[in-house]
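Notes for the one structure printed next.
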Amino acid sequence: MDNLLPKRIAIVGAGLSGAVIGRELAEAGYQIEIFDQRSHIAGNCHTQRDDDTGVMVHVYGPHIFHTDDHEVWDYVNRFQTFMPYRNRVKTTSQGQVFSLPVNLHTINQFFGKTFRPDEARAFIETQADTTITDPKTFEDQALRFVGKDLYEAFFKGYTEKQWGCSPTELPASILKRLPVRFNYDDNYFFHQYQGMPENGYTDMIGKILDHVNITVHLETTFHRSQRDGFAQVFYSGPLDGYFDYQYGRLGYRTLDFEGFTYDGDYQGCAVMNYGDVSVPYTRITEHKHFSPWERHEGSVCYREFSRACGPDDIPYYPIRLVEEKEQLAQYAELATQEASVTFVGRLGTYRYLDMDVTIREALDTARLYLSSVDGEGIMPAFLHSPV
């Protein structure tokens, strides 16, 4: 056992972070043991076919792959064929259906105009609140760049439902870029590479984990006391959970899904947002439209509700409001005191990460570990500080 210890690695979580790190180190000759509390691999990316309709369902909500990282794109295509997919979101607001992100078509439809791009840009500037020179809140940011009417139609109600608080309580950074396009481009993402795995994310992650040096333990909890049996632990579970919530629970939002089936095409698109606060759900997703290369008569849809995450809920995305920063700093300090444990992924670093960034950081983490073993530095608790 002593001879094997330097080659024995524990990974907590069989999602993207754990699978990619595990595969990289398995190919380098390490013995990898992956522990996951759930009954399946792939974490929140888990996909499975509906028995009745044959539709590929994104069980924990839709995951759309998009990236400008060529190496990451090549990596995922090594394990799964990615089919072309463009995310074209619609929103129902004030009794009409519009395109998102807000674009030239949205502006012309909403205001009953036929603006050209330059005309629309000038018009929106007249709508914007130019007295706001240094936006501090989400609401400030929206009012400064799109004005009251567009803000209330497309951002205010949706944001209140998504975050469970007023946009005046959220930082301006959440609305990072100008939420308007002055052309007719309705592709939600800008990235060069966009697509969906032909046979689903679970199949892809299963192939990543398919290596003789990888053992996966499902429905198994990894306890902190087990870390001494491994040369290194990569932990992608909740950061606060690793320390038994010593300083209390970090804030997360969770999602509830109200699934239903439909004989035919329910809404004609994959994602329909609902901007009015009077509608309790944030959006309806129709899963067969996430696989446009397939044909299905029946349909599987989810109504999606956002709420505060409780102790027994699945955490989806961190809130990261001001009051959590001190608490997060305390957990980050504890993490740096752990020997041979590296915290990774969305939960382990308490950061919102897209899938491509998750894979990029997992690849970089595995490579950094191999370098550290070769004497080129010490493996840190975090590749990127969560604070």
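The table for this structure:
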| quantity | calculated |
| --- | --- |
| Residue within region 193-203 that is in a helix (DSSP H, G or I), touching a strand residue (DSSP E or B) at 6+ places or on another chain (Cβ under 8 Å), under 30 Å from VAL102 (Cβ atoms) and not charged (D, E, K, R) present | yes |
| Region 345-368 - residue that is in a helix (DSSP H, G or I) and open to solvent by 30 Å² or more (accessible area, probe 1.4 Å) and, of those, farthest from VAL233 (Cα to Cα) | VAL357 |
| Top-ranked residue of region 369-384 - restricted to ones that are modelled with pLDDT under 90 and not hydrophobic (A, V, I, L, M, F, W, C), ranked as least open to solvent (accessible area, probe 1.4 Å) | GLY377 |
| Residues of region 114-151 classified as within 28 Å of the chain's Cα centre (by Cα) and more than 24 Å from ASN273 (Cβ to Cβ), total | 1 |
| Condition met for THR261 (part of a strand (DSSP E or B) and either of a type in the set (A, V, I, L, M) or over 30 Å from LYS7 (Cα atoms) (or both)) | yes |
| Residue match in region 343-350 (condition: over 30 Å from GLY259 (Cα atoms) and among the aromatic types (Phe, Trp, Tyr)) | yes |
| Those residues of region 188-243 which are touching a Leu at 6+ places or on another chain (Cβ under 8 Å) and closer than 30 Å to ASN87 by Cβ, in sequence order | TYR188, ILE205, SER236, GLY237, PRO238, LEU239 |
| Of residues in region 88-113 being part of a helix (DSSP H, G or I) and among the aromatic types (Phe, Trp, Tyr), the one farthest from ASN273 (Cα to Cα) | PHE111 |
| Residue that is closer than 18 Å to MET204 by Cα, surrounded by fewer than 18 Cβ atoms within 10 Å (Cβ to Cβ) and of a type in the set (Val, Ile, Thr), where the choices are THR47, THR81 | THR81 |
| Filter pass, TYR184 being modelled with pLDDT of 95 or more and of a type outside the set (A, V, I, L, M) | yes |
| Scope region 369-385; condition in a loop (DSSP other than H, G, I, E, B), of a type in the set (Gly, Ala, Ser) and more than 23 Å from the chain's Cα centre (by Cα); matching residues | GLY375, GLY377 |
| Of the criteria (1) in contact with a strand residue (DSSP E or B) (Cβ under 7 Å, 6 or more places away or on another chain); (2) farther than 30 Å from TYR369 by Cα; (3) buried (at least 17 other Cβ atoms within 10 Å of the Cβ), which one ARG86 fails | (3) |
| Tally, over region 116-150, of residues that are farther than 17 Å from PHE182 by Cα, open to solvent by less than 50 Å² (accessible area, probe 1.4 Å) and touching a residue at least 24 places away in the same chain (Cβ under 8 Å) | 6 |
| Test: residue in region 106-115 that is open to solvent by 80 Å² or more (accessible area, probe 1.4 Å), modelled with pLDDT of 95 or more and of a type in the set (Ser, Thr, Tyr) | yes |
| Top-ranked residue of region 254-287 - restricted to ones that are over 18 Å from SER99 (Cα atoms) and polar (S, T, N, Q), ranked as least open to solvent (accessible area, probe 1.4 Å) | THR254 |
| Residues of region 167-188 classified as assigned to a loop (DSSP other than H, G, I, E, B), open to solvent by 40 Å² or more (accessible area, probe 1.4 Å) and either among the basic types (Lys, Arg) or in contact with a Ser or Thr (Cβ under 9 Å, 6 or more places away or on another chain) (or both), total | 3 |
| Matching option when the condition is out of contact with any strand residue (DSSP E or B) (no Cβ under 6 Å at 6 or more places or on another chain), closer than 30 Å to ARG23 by Cα and open to solvent by less than 40 Å² (accessible area, probe 1.4 Å), among ILE208, ILE214 | ILE208 |
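For (1) part of a loop (DSSP other than H, G, I, E, B); (2) closer than 26 Å to ILE9 by Cα; (3) open to solvent by 50 Å² or more (accessible area, probe 1.4 Å), each residue gets a yes or a no:
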position: HIS289; (1), (2), (3): no, no, no
position: ARG307; (1), (2), (3): no, no, yes
position: ASP312; (1), (2), (3): yes, no, yes
position: ALA329; (1), (2), (3): no, no, no
position: GLU333; (1), (2), (3): no, yes, yes
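The values are calculated or read from the model by the stated rules, or taken from the named source; none is laboratory data. As the structure is a prediction and not an experimental result, all values here were calculated from the model. All Cβ positions, even for glycine, are placed from backbone atoms using ideal geometry, and neighbour counts span all protein chains on display. Only protein heavy atoms, including side chains, enter the accessible area calculation; ligands, DNA and RNA are left aside. Shrake-Rupley method; radii C 1.70, N 1.55, O 1.52, S 1.80 Å.
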